[in-house]
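Reading through the structure tokens given below for one structure.
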Amino acid sequence: MLDTDFVSAVLPDNVNPAVSLDLQAASDSGVSSTDNLTNDNTPTFTVAVNKGGRIDMDYDGNATVDESRTVAAFGNYGFTVPALLDGPHAVYGPFHP
């Protein structure tokens with residue numbers, strides 16, 4: 001039971017959004033599991049965010065969203081790339097809180 005002196009307050013969200021993108025170790029076929037090099041044409045990435053929002057994945061670096069996912073809370077989210085052609089690819093995961 002709440003005390004009659006209980007006060008509820010809504011505080012502003014002052015946490016700056018943060019995002020990190022990493023090739024999962026199982027998809028990383030380079031010299032080490034952290035060099036982010038792969039020969040897997042359907043690699044999986046982990047995107048870590050510190051709050052809810054929308055993650056927009058661009059798998060070929062052409063500034064076009066290839067996959068978008070709205071997440072309700074902070075956490076780690078896996079994204080598996082559809083089949084890519086051989087060659088270098090720049091992968092981006094912009095986050096919009």
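Quick note: the coordinates plus some simple rules give every number you see, no bench work behind them. Values in this document were obtained by computation on a predicted structure and should not be read as measured data. No Cβ is skipped: glycine too gets one built from the backbone with ideal geometry, and neighbour counts run over all protein chains shown.
Contour minus end-to-end for residue 13 and residue 56, with contour as 0.36 nm per residue of separation and end-to-end as the Cα-Cα distance?
13.3 nm
Around residue 43, under 12 Å between beta carbons, what's the net of Lys plus Arg minus Asp minus Glu among the other residues?
Its environment carries a net charge of -3.
Which ordering of 56, 13 is given by a fewest-first count of other beta-carbon atoms within 10 Å?
Result, fewest neighbours first: 13, 56.
For volume of the Cα convex hull per residue in Å³, the listed values are [x] 110; [y] 139; [z] 148; which was obtained by calculation from the structure presented?
It is the one labelled [y].
In the chain, if the dipole is taken from +1 on Lys/Arg beta carbons and -1 on Asp/Glu beta carbons about the Cα centre, which of 78, 41, 23 is farthest to the positive end?
Checked the options; the winner is 78.
Can you compute the charge dipole magnitude of the range 19-96 about its Cα centre, using +1 on each Lys and Arg Cβ and -1 on each Asp and Glu Cβ, nothing else charged? Give it in debye, rounded to the nearest 20.
The calculation lands at about 400 debye.
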